[in-house]
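Comments concern the structure below.
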Amino acid sequence: MLGGGGLVAANVYASATEEGGTDPAQTLSTPAGTIDCPDVGTKLTNVPEGAKEDVAKELALLDQQIADAYQRLMNAGQAIEQDAAFADNSIMNPLKEKRAATIERIAIAVDRQGDRPEGLDALAACTLRAPESSAPAGEESDGAQNTGDAGQGGQQGGDDQNAGNGQNAGNGQNGNGGQAGNGPVAEDYVDIKSVQPNVSEPAVRKGGSRGTFATSCGVNENGLFNSDNVIVAPGVSNGAHHFHDYIGNQSNTAFASDEDLANAETSCVDQSDKSTYYWPVLRLQNGKQEQDADKPGGGIEGNAGEIVRAKEVTLNFVGNPQSKVTEMPRLLRIITGDAKAFVNGPANANASWSCTGFEDRQLKDKYPLCPKGSDVVRTFKFQSCWDGQNIDSANHRAHVAFAAADGSCGNGFKAIPQLVQRIVYDVDAPSLQDGGKTTPLFAVDSFPEQLHKPVTDHGDFINVFDEKLMGEMVDCINAGRTCGVGAGDGGDGGQEEPTQAPTTPPADNGGGNGGGKGDDQTEPPATQDPTTEAPQTDQPGDGKDDGGKDDDGKDDGGKNDDGQADGGKGGAGNGDAGNAGTGQDDEPTGATTVAPKVSGQPDAGNDAGDDQAEVIGTPAQTQPPTSDTDSLTGGARAQAVGGDLAETGTSLWPAAGGAILLIAGFVVLMRTRRHAR
């Protein structure tokens, strides 16, 4: 969101107890407190178009001023311990003067284009927030800011996000922990198994839109990182003061114009999606020096440690439970969450944390400790109501809103597809008992004074979908379908899932269904009219047992890679029907004639293991019968051997002819003997 820090909290450093002594829990014993400033950007809800560029740059400068002051605070520990007034005289008062000058320039820029904003002068002063006392791992401390700042932007006594930034994380800093001495701390984590399920979804009513559209844009394989923010601080380098992961659009810098975004390359599978999706990187506090270790946005501002590459990123657009959705306007900007929620308060905090297997339990102000075998999950649900006019607003929030609890959009806003972004990381639960020495702490990048609190997590999105594809998305969602690249588990190659079963079930050429329960006897004959589905191209199989599963891990109904039924086995380009009702490698019952094979066609009824030995154009072979059919006679045996009487007749007629000739010869012989007598 637009810069300037948070609401004023109580100035409690070096405060005295009622008994006249100094309370250690309220003493700034190290320079690792944090700076709390009013957020100027939230007060600027109506900036004229002609002033927006100048205002954005000045707001970014306010953020830079806070970051610089915080760095001086971190380096002034000994001086502050010797002189309690040092922080005010050397850090806080100069900061106030710089902010006052910057705020005045903002007011002048707006005044030139419209009405001068009122009340900005009072936002210049900031407050120094002391660290809480150090507490044993897993215990929450009652830091001084929990007393006396109730109502200050949500910073009320006992608020979870206020707890714990005094934990010693094993780096010699007795104030804020973490590799860089500014968080995270033990109290920022909680065992996910101790959290009660807390996820509920509004019921979809008649007239609602229940479809889903997926896009797939990778996990930042290209390693695109920077500390810019083209939404919040266009034209300003290091406007975010922390590193971002980027997927989708590949022209994400502070200086990218709308035209640059529209003409950029994209990491998305569907090249018609050039949208930009970005979020703060996740780091392990393990001492590793990353590419930005000595750069702004990185180590200089307390964002230190190894950047973790996401294991998986899913991007789904979903409908509205109350109404149909309308198309997002091209180049719509949305920010969800608040990068400054630690000092602003949790009103705009929105990112959620959880673990795979426990995603009915979501956390906003804690990082999850996941059990072995479970991965960390970050989820962002973006605003899904739009004012119908603007692609952005002065505070980057007024033009979009969250739906009400029942899913409805108020104030004349329109429902748009809601982006649900899910990021999965393979990281182990940190060892809190030793401050992350054994297993490192993990945390998101943040503004330096935000102390890497999980409540500050946030995500950014710019819609650069091709308008035709956006129309298809809306049609899909409103029709209740599941569409897009990667829709469903494992993806479907970009094909939409059918909304109803085909009127004529497709034959699978006699194959067992992977688990051995075939339906051969109920399948339609080969002469049945084809369905309306597009034919599959026959590709060579790998000859390996696929266990009834295809490449994406799903049950493929006993089909191998070439789309043909394989009775549980992959073949060398030809599907094997297997035995009816088993899908196993059993020998067929009865003597079976093997017809010459045609490339790409199933060899119905043959042993599943014979594919590689069969050759196109080989002569018919006869397989010996087994005892399973020795007791069968007449038509029953004929069906067991050949499948039906018509097929059986083609084998029996030559034998019958031979028998007739034999009888005729015997009659002639008998007559000859009689004449001889």
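Counting only residues that are modelled with pLDDT of 95 or more, over 17 Å from the mean Cα position of the chain (by Cα) and of a type in the set (A, V, I, L, M), which one in segment 340-391 is farthest from GLU187 (Cα to Cα)?
Among those residues, the one meeting the criterion is ILE391.
Looking at segment 264-295 only, could you name the residues that are modelled with pLDDT under 95, crowded, with 17+ Cβ neighbours inside 10 Å and over 23 Å from ASP428 (Cα atoms)? I'd like the intermediate steps shown before the answer.
Initial filter on segment 264-295 (modelled with pLDDT under 95): 285-295.
Still in the list and also crowded, with 17+ Cβ neighbours inside 10 Å: 285, 290, 292.
ASP292, the sole residue that qualifies.
When you go through (1) open to solvent by less than 50 Å² (accessible area, probe 1.4 Å); (2) in contact with a strand residue (DSSP E or B) (Cβ under 6 Å, 6 or more places away or on another chain); (3) more than 23 Å from GLY235 (Cα to Cα); (4) in contact (Cβ under 8 Å) with a residue 24 or more places away in the chain one by one for GLU312, which number turns out not to apply?
Just one mismatch for GLU312, condition (1).
Out of the residues in segment 186-200 that are in a loop (DSSP other than H, G, I, E, B) and touching a residue at least 24 places away in the same chain (Cβ under 8 Å), state the one that is nearest to ASN463 (Cα to Cα).
Within segment 186-200, the match that is nearest to ASN463 (Cα to Cα) is VAL199.
What are the pairs, 6+ residues apart or on separate chains, where a residue within segment 262-290 that is free of Cβ contacts under 8 Å to residues at least 40 places away in the same chain and more than 19 Å from ASN222 (Cβ to Cβ) has its Cβ under 8 Å from a residue that is in a loop (DSSP other than H, G, I, E, B) and not β-branched (Val, Ile, Thr)?
LYS288/GLY305
Name, by its number, the condition in (1) more than 15 Å from HIS396 (Cβ to Cβ); (2) assigned to a strand (DSSP E or B) that does not hold for GLN291.
Only one criterion is unmet by GLN291, namely (2).
Go through segment 75-87 residue by residue and tally those that are out of contact with any Phe, Trp or Tyr (no Cβ under 6 Å at 6 or more places or on another chain), without any contact (Cβ under 8 Å) to a residue 40 or more places away in the chain and not aromatic (Phe, Trp, Tyr). Spell out how you get there, then give the answer.
Here is the first cut: in segment 75-87, the ones out of contact with any Phe, Trp or Tyr (no Cβ under 6 Å at 6 or more places or on another chain) are 75-78, 81-87.
Applying the additional criterion that residues be without any contact (Cβ under 8 Å) to a residue 40 or more places away in the chain yields 78, 82-83, 85-86.
Next, only the ones that are not aromatic (Phe, Trp, Tyr) stay: 78, 82-83, 85.
Summing the residues that are out of contact with any Phe, Trp or Tyr (no Cβ under 6 Å at 6 or more places or on another chain), without any contact (Cβ under 8 Å) to a residue 40 or more places away in the chain and not aromatic (Phe, Trp, Tyr) in segment 75-87 gives 4.
Matching residues to (1) surrounded by 14 or more Cβ atoms within 10 Å (Cβ to Cβ); (2) among the aromatic types (Phe, Trp, Tyr); (3) in contact with a Leu (Cβ under 9 Å, 6 or more places away or on another chain):
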site: GLY373; (1), (2), (3): no, no, no
site: THR379; (1), (2), (3): yes, no, no
site: PHE382; (1), (2), (3): yes, yes, yes
site: GLN389; (1), (2), (3): no, no, no
site: ASP392; (1), (2), (3): yes, no, yes
site: HIS396; (1), (2), (3): yes, no, yes
site: ASP406; (1), (2), (3): no, no, no
site: ASN411; (1), (2), (3): no, no, no
site: LYS414; (1), (2), (3): yes, no, no
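If you scan segment 87-120, which residues turn out to be among the acidic types (Asp, Glu), exposed (fewer than 14 other Cβ atoms within 10 Å of the Cβ) and outside any loop (DSSP other than H, G, I, E, B)?
Kept after step one, since they are among the acidic types (Asp, Glu), are these residues of segment 87-120: 88, 97, 104, 111, 115, 118.
From the residues that got through so far, the ones that are exposed (fewer than 14 other Cβ atoms within 10 Å of the Cβ) too are 97, 111, 115, 118.
Answer for segment 87-120, where residues must be among the acidic types (Asp, Glu), exposed (fewer than 14 other Cβ atoms within 10 Å of the Cβ) and outside any loop (DSSP other than H, G, I, E, B): GLU97, ASP111.
Taking interchain pairs and intrachain pairs at least six residues apart, which have beta carbon atoms under 6 angstrom, with the first residue in segment 210-221 and outside any loop (DSSP other than H, G, I, E, B) and the second open to solvent by 10 Å² or more (accessible area, probe 1.4 Å) and among the hydroxyl-bearing types (Ser, Thr, Tyr)?
Short answer, once both residue conditions are applied: THR212/THR482.
Tally up the residues in segment 211-255 that are small (Gly, Ala, Ser), buried (at least 19 other Cβ atoms within 10 Å of the Cβ) and farther than 20 Å from LYS274 by Cα, please.
Residues flagged as small (Gly, Ala, Ser), buried (at least 19 other Cβ atoms within 10 Å of the Cβ) and farther than 20 Å from LYS274 by Cα within segment 211-255 amount to 5.
Hey, any hits in segment 235-250 for a residue that's within 29 Å of LYS57 (Cα to Cα) and among the charged types (D, E, K, R)?
Let us first name the residues in segment 235-250 that are within 29 Å of LYS57 (Cα to Cα), namely 235-250.
With among the charged types (D, E, K, R) added as a condition, the list becomes 245.
The answer is yes, given that some residue of segment 235-250 is within 29 Å of LYS57 (Cα to Cα) and among the charged types (D, E, K, R).
Pick from segment 75-86 the residues that are assigned to a helix (DSSP H, G or I) and out of contact with any helix residue (DSSP H, G or I) (no Cβ under 8 Å at 6 or more places or on another chain): which of them is surrounded by the fewest Cβ atoms within 10 Å (Cβ to Cβ)?
Step one: of segment 75-86, the residues assigned to a helix (DSSP H, G or I) are 77-82, 86.
Retained after the next criterion (residues that are out of contact with any helix residue (DSSP H, G or I) (no Cβ under 8 Å at 6 or more places or on another chain)): 77-78, 81-82.
Numbers: GLY77: 18, GLN78: 11, GLU81: 15, GLN82: 8.
Out of the qualifying residues, it is GLN82.
Within segment 357-371, can you find the residues that are under 17 Å from LYS311 (Cβ atoms) and surrounded by 18 or more Cβ atoms within 10 Å (Cβ to Cβ)? If you could, list the steps in order and put the result at the bottom.
Within segment 357-371, the subset under 17 Å from LYS311 (Cβ atoms) is 357-359, 367-368, 370-371.
Selection gives TYR367, PRO368, CYS370.
So the check is Cβ under 7 Å with 6+ separation or different chains; which pairs have a first residue in segment 225-242 that's touching a residue at least 24 places away in the same chain (Cβ under 8 Å) and a second one that's aromatic (Phe, Trp, Tyr) and surrounded by fewer than 22 Cβ atoms within 10 Å (Cβ to Cβ)?
GLY235/PHE255
The values are calculated or read from the model by the stated rules, or taken from the named source; none is laboratory data. For clarity, every value in this text was computed on a predicted model and none was experimentally measured. Because the Cβ atoms are built from the backbone with ideal geometry, glycine has one as well, and the counts that use them run over all protein chains shown. To get the accessible areas, we keep the full protein, side chains included, count just its heavy atoms, and leave off ligands, DNA and RNA. Shrake-Rupley method; radii C 1.70, N 1.55, O 1.52, S 1.80 Å.
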